[in-house]
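Here is the structure we will look at, set down as structure tokens.
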Amino acid sequence: MESSQLICCQQLEHDLEELLGRIPHDRLFVLTDSHTHALCLPRLQQLKACAGAYPIVIEAGDDHKTIGALHRVWHALSSNGATRHSLLINLGGGMVTDLGGFAAATFKRGIAFVNIPTTLLAMVDAAVGGKTGINLDGLKNEVGAFAPAAAVLIDPTFLHTLDSGGFYSGYAEMLKHGLISDEAHWAELLTFDTDHIDTDRLSRLVTRSIAVKTAIVAQDPLEKGVRKALNLGHTIGHAFESLALYTGRPVLHGYAVAWGLACELYLSHTLAGFPANQLQQTVRFIRTHYGELPFDCNRYETLYELMKHDKKNSGGVINFTLLAGVGDICLNQTADKQAIFEAFDFYRECN
Ligand code: GLY
């Protein structure tokens, strides 16, 4: 799989204009959701290179990452003259870059696309690395394809308008990148003043975080090996996310990942020797900034069942990425039910 060109913008309008001059295309399409259509699209519409670009709008929210919305994008492309040589710009959060990327990957067997992520979560994770897809029957990202964007443009000005939930949701993935990379980056993330955000410093942390992800994806784009490190926190995190949805209290993805990280670091400690002091420091940060998902031991079996359906498993065995230390990755680990339940006990008790 080819890799995407990553552009850390000095000025989005200038960098995009320049990029569009370099990517040959006959027609240009811009996919937004209802939020980015109103808030971000006007910036692109002023550009000469975007004159005549055809806007496609889908409803905002992960519950709209569906075959219905995908069909509307395909239809808009098809009925407005898109050819194999057309270009799609995905302007939005992870829902737009995932669905738009999949629409582009499949339309006429694949057209080029560019991602412009507008949320922190999309900048550091969803828009980078070539995973595209949609949800199916309540299962997240159940249908999709690996397809790299021709380019990903990171515009730090979007960091100025983050709300608290959007910030912490993205920051959980950054914390994960810190844990799987090195102690200096991990420590920098834990000491960053998240109550008074210095956007220049955040922008540098974002660049570092994306570099962690792209280095891993470059080694293993199709997730046969080391890319599984990016699943740290997600095996239990996805179960928390599903439980929250199922009990009528949906949570942002990154919050579930943060809680999943707390549990999986505990498993890392008990099964792989992750140091107790680093476990405590990380869990304290998570507890302080992410609170907790309240559940009692009657939910343990449900969570365990949800984990058994994770698409990363094979042969019914739950697959974990664990750490023996910060940056010391142990892939393809297993944990028995008792160890997992103990991690839930730890999560509920650590205050
Ligand atoms: N979000 C994890 C990955 O891209 O592999």
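Here are the numbers:
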read-out	value
Fraction of accessible area attributable to carbon and sulfur, the chain (%, probe 1.4 Å)	52 percent
Cut-off under 5 Å, modelled amide H: who pairs with CYS8 long-range	ILE154
Qualifying trypsin sites (Lys or Arg not before Pro) in the range 210-257, DSSP loop, other Cβ atoms within 10 Å at most 15	LYS224
Dipole magnitude (debye, nearest 20) for the range 279-323, charges at Cβ of Lys, Arg, Asp, Glu	200 debye
For TYR54, residues with placed amide H under 5 Å, excluding near neighbours	LEU28, PHE29, VAL30
With all protein chains modelled, accessible area of THR194 [1.4 Å, Å²]	10 Å²
Share, in percent, of DSSP beta bridges within the range 86-240 that are antiparallel, nearest 5	40 percent
Contact order relative to length of the chain, as percent, for alpha carbon pairs under 8 angstrom and 6 or more apart	14 percent
Only Lys, Arg (+1) and Asp, Glu (-1) charged, at Cβ; the range 7-116 dipole about Cα centre in debye	440 debye
Most mobile listed residue (VAL152, VAL283, VAL143) in the chain, GNM with C-alpha springs under 10 Å	VAL143
Residue (of TYR246, ASN298, HIS25) at the positive-pole extreme of the chain, dipole from beta-carbon charges	HIS25
Per residue value of the accessible surface for the range 236-351 (all protein chains in place, 1.4 Å probe), Å²	45 Å²
Alpha carbon centroid spacing (whole Å) that separates the range 1-61 from the range 115-171	15 Å
Farthest positive-ward along the range 1-94 dipole, Cα basis, beta-carbon charges - from GLY94, HIS35, PRO55	PRO55
DSSP beta bridge pairing in the chain, given as percent antiparallel to the nearest 5	30 percent
Net charge dipole size for the chain [Lys, Arg +1 and Asp, Glu -1 on Cβ; Debye, nearest 20]	940 debye
Tensor-based shape of the range 246-351 (alpha-carbon gyration tensor, a/c under 1.5 rounded, otherwise prolate or oblate)	oblate
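The values are calculated or read from the model by the stated rules, or taken from the named source; none is laboratory data. Note that the coordinates shown come from a computational prediction; the quantities given were computed from them, not determined experimentally. When we count neighbours, we look across all protein chains shown, and the Cβ atoms used for this are built from the backbone with ideal geometry, even at glycine. When the accessible area is computed, the model is the full protein with side chains, heavy atoms only, and any ligands, DNA or RNA have been set aside. Shrake-Rupley method; radii C 1.70, N 1.55, O 1.52, S 1.80 Å.
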